[in-house]
Amino acid sequence: MNKINARSGTFLDNMKLPVHRWFRYSAGFSAQWVEDEIIRFELESGKKAKLLDPFVGSGTACLSACALQRKSIGLEGHPFVARIGQAKNLWHLNSDEFVDSCLEIVDRARNIKPSQIILDNKGLLEKCYETESLQRLFSLRLAYEDLKTESAIWQLSWLNITSILRACSTAGTAQWQYILPKKNKSRVLDPYEAFLAKMDLMASDMKLSQKKGWGKTANIIQYDSRKNFVEKNFNLAITSPPYPNNYDYADSTRLEMTFWGEINGWGDLKHAVRPSIMRSCSQHSASDKINLDEILSNPELSPILAELQPATKELAAIRLTKGGRKTYHTMVAAYFYDLAKIIRNVYASLEKDARACFVIGDSAPYGVHVPAERWLGELALSVGFKRFQFEKIRDRNIKWKNRTHTVPLHEGRLWLIK
Ligand SMILES: C[S@@+](CC[C@H](N)C(=O)[O-])C[C@H]1O[C@@H](n2cnc3c(N)ncnc32)[C@H](O)[C@@H]1O
């Protein structure tokens, strides 16, 4: 495979790109890289790309396909994240109507008296906002809820409010999106100003993408990719699954979901989000109460069992010596079991000679190396892919929470050829 200079692993570059920049999703990858890959695929295969992303997150891959007027389908399990991607996919609506809906919201919000506002879930929100900011944000929410109709334009106003919640909070955000109520940040925006500024940015991006001739070619669906895919005949898959590195995707939008009254606290993620996303963190595997032997006995895991089983046994033993007793042993087993099903689904949805790229990194929970790219490559061969190849992008030396390990880690692109 040719080297491509654009970084596939980071969302940062997208913050300069129209539409992509509407919501900062730290877990995302580079939109420019996806476009480059689509173009390269077409040059090399002589076919028009039909793209699949089974972990579409905030919609990056699908929007890149729109920019090139190529058909795509994106699946995202997390209901709130899927809604963000779906709202971004409405870039083609009328920007004047969008501006009107936002101005109506601000006008209505400014006339709501603080006494009319009843705050749901004071706990987290009060820790994250000054009183006046919170009142203003809630008045935006109330105004939106009063005014919204069935028209899709209101999904964009919903995204506008959602996307300013972090910038208006005094709380910091960790590198990977978790909210940090104890860490204060210095620059905090006023909600009305932030809402109006975002409205301007979104409206000008809508005009720009329409002027550039983007195609209404993407379909973003809230869907658990472990279930069989309905749509087939893709010739390219570009995706990035969760890594086995204990990042809790369910928790990535806790502040936003709490603000909208969808959850009351971390515990609610168990029912609101976890059932429709794969297991990639110990909090999830603990709450699922997984039986290790039972999960390892699944035939899907047999291609890697000779290595996976000892790794899980080692993790189970180390766990007993640690205060936190994290369930990495069941997390790792469930992680590969879930991904085995998804790789099988991707294979079944691809045409002959199609290619799939999984941006992936390895990990070392409790210092036990988990060679994700090789194990996923072997699982891919077992479902029928002809070959796999790993293209390293960078080395990583991630420090696991509260402890260090010396296992060198890396990140890159796992290419699968059907
Ligand atoms: C690394 S992120 C992908 C980000 C995306 N490339 C972007 O640019 O926004 C992985 C995504 O997979 C989603 N996910 C996890 N399990 C899933 C499942 N079973 N089905 C579909 N999506 C899932 C997570 O919620 C997360 O948004």
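The values are calculated or read from the model by the stated rules, or taken from the named source; none is laboratory data. Given the structure is predicted, the values throughout are model-derived calculations rather than measurements. Every residue, glycine among them, receives a Cβ derived from its backbone with ideal geometry; neighbour counts consider all protein chains shown.
Are there any pairs, at least 6 apart or on different chains, whose C-beta atoms fall under 6 Å, with the first in region 237-254 and in contact (Cβ under 8 Å) with a residue 12 or more places away in the chain and within 26 Å of LEU315 (Cα to Cα) and the second near the ligand (Cβ under 8 Å from one of its atoms) and part of a helix (DSSP H, G or I), and if so, which?
Going by the 6 Å Cβ cut-off, the qualifying pairs are PRO242/TYR249.
Here's the yes/no breakdown for (1) more than 25 Å from the chain's Cα centre (by Cα); (2) among the charged types (D, E, K, R):
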| site | (1), (2) |
| --- | --- |
| THR131 | yes, no |
| ARG141 | no, yes |
| TYR144 | yes, no |
| GLY172 | no, no |
| ASP190 | yes, yes |
| GLY213 | yes, no |
| ALA218 | no, no |
| LYS227 | no, yes |
| TYR243 | no, no |
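For a quick check of your reading: which strands (runs of 3 or more DSSP E) sit entirely within region 155-266 and have at least 1 residues that are away from the ligand (no atom under 14 Å from the Cβ), within 22 Å of GLU132 (Cα to Cα) and small (Gly, Ala, Ser)? Don't jump to the end; show me each part of the working.
Details: elements: 171-173, 179-184, 218-222, 234-239.
In region 155-266, the matching strands (runs of 3 or more DSSP E) lie at 171-173.
Restricting the search to region 52-68, which residues are within 12 Å of the ligand (Cβ to nearest atom) and under 23 Å from ASP353 (Cα atoms)? Give the steps one after another, and end with the answer.
At the first step, the residues of region 52-68 found to be within 12 Å of the ligand (Cβ to nearest atom) are 52-64.
Hits for region 52-68 are LEU52, ASP53, PRO54, PHE55, VAL56, ALA61, CYS62, SER64.
If ALA286 satisfies all but one of (1) within 11 Å of the ligand (Cβ to nearest atom); (2) part of a helix (DSSP H, G or I), what's the number of the condition it fails?
Result: ALA286 fails condition (1) only.
Only one of these is surrounded by fewer than 23 Cβ atoms within 10 Å (Cβ to Cβ) and either closer than 25 Å to MET199 by Cα or in the same structural domain as LEU140 (by TED's automatic domain parsing) (or both): ARG70, ARG108. Name it. Show your work before the answer.
Working: ARG70 fails: either closer than 25 Å to MET199 by Cα or in the same structural domain as LEU140 (by TED's automatic domain parsing) (or both).
Result: ARG108 is the single residue among ARG70, ARG108 that is surrounded by fewer than 23 Cβ atoms within 10 Å (Cβ to Cβ) and either closer than 25 Å to MET199 by Cα or in the same structural domain as LEU140 (by TED's automatic domain parsing) (or both).
Looking at LYS71, LYS88, which one is under 21 Å from ARG254 (Cα atoms) and basic (Lys, Arg)?
Details: LYS71 fails: under 21 Å from ARG254 (Cα atoms).
One residue alone meets the criteria, LYS88.
Being within 21 Å of ILE221 (Cα to Cα) and of a type in the set (Lys, Arg) is the filter here, so list the residues in region 271-290 that pass it.
Correct list: ARG274, ARG279.
With the checklist (1) exposed (fewer than 14 other Cβ atoms within 10 Å of the Cβ); (2) among the hydrophobic types (A, V, I, L, M, F, W, C); (3) under 26 Å from THR10 (Cβ atoms) in hand, flag the one item VAL230 doesn't pass.
Only one criterion in (1) exposed (fewer than 14 other Cβ atoms within 10 Å of the Cβ); (2) among the hydrophobic types (A, V, I, L, M, F, W, C); (3) under 26 Å from THR10 (Cβ atoms) is unmet by VAL230, namely (3).
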